[in-house]
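Read through the structure below, which is laid out as structure tokens, and then see the notes.
Please treat every number below as a calculation from the coordinates, not as lab data. Model, not experiment: these values are computed from the prediction. Quick reminder, even Gly has a Cβ in these numbers, built from the backbone with ideal geometry, and neighbours come from all protein chains shown.
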Amino acid sequence: MQQKEFIVDLENSVGPWIGKTTKIVDYHLHEALQQHGLDLTKEQMIVLKKLHQQDGLNQNELARLTWRDKSSLARLLAKMEQKAYIRREQLPSDKRINQVFLTDTGRRIFESTRPVIQEIISTLEKGISEADIQHMITILKQIQYNFTAETASI
């Protein structure tokens, strides 16, 4: 019995293009943060953003919101504590649960990222119409849904 050969056309699939674009954006974001003197990684910035939106999240919720596993988030938070960007507090009613809060330093650093992020967004969207941007967002949301719906049904 012959095995059917599968031909995978990566150049005409969105996956590699999303991956390559993500790496390029991540590189330029890292460079821009460094050029502005911000001692911050993209991952740390995402945590600051989530805490800016809802301070006092517990670590499990923060892991879910940032798509990180609990142990890698714990390491990331430890580094952020060393930089005095966040503080963790155990819940008095359940010592196993840590709530995470922004410090004043963390809040200032997050606010300092706003012009840098706007600069990156401007470069990212340069020459792309608003309609195309909205269409791209719709497509990317559908891709995310395709994976999250599949995961939920497993």
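Exposed loop sites here are trypsin sites (Lys or Arg not before Pro) assigned a DSSP state other than H, G, I, E or B and surrounded by at most 13 other beta carbons within 10 Å; excluding them, the longest clear run of the chain is 5-125.
Each label was represented as a point 7 Å from its Cα along the Cα-to-Cβ direction; for residue 6 and residue 23 these points are 2.2 nm apart. For region 15-107, chymotrypsin sites (Phe, Trp or Tyr not before Pro) are listed when DSSP marks them as loop and at most 14 other Cβ atoms sit within 10 Å of their Cβ; the list is 67. Rounded to the nearest 10 degrees, the inclination of helix 130-152 to the longest alpha-carbon principal axis of the chain is 80 degrees.
Charging the Cβ of each Asp and Glu at -1 and of each Lys and Arg at +1, and nothing else, the dipole of the chain about its Cα centre rounds to 640 debye.
Calculated FRET efficiency, residue 105 to residue 64, Cβ-Cβ distance, R0 = 35 Å: about 0.85 to the nearest 0.05.
Overall size of the chain from C-alpha positions, given as principal axis extents largest first: 63, 44, 26 Å. The angle between the Cα long axis of helix 70-82 and the longest principal axis of the Cα atoms of the chain comes to about 50 degrees, rounded to the nearest 10. In terms of distances greater than 30 angstrom between alpha carbons, the cross-link table entries 49/126; 95/141; 23/141 yield 95/141. With 0.36 nm allotted per residue and the present C-alpha distance subtracted, the residue 30-residue 128 stretch has 33.0 nm of extension available.
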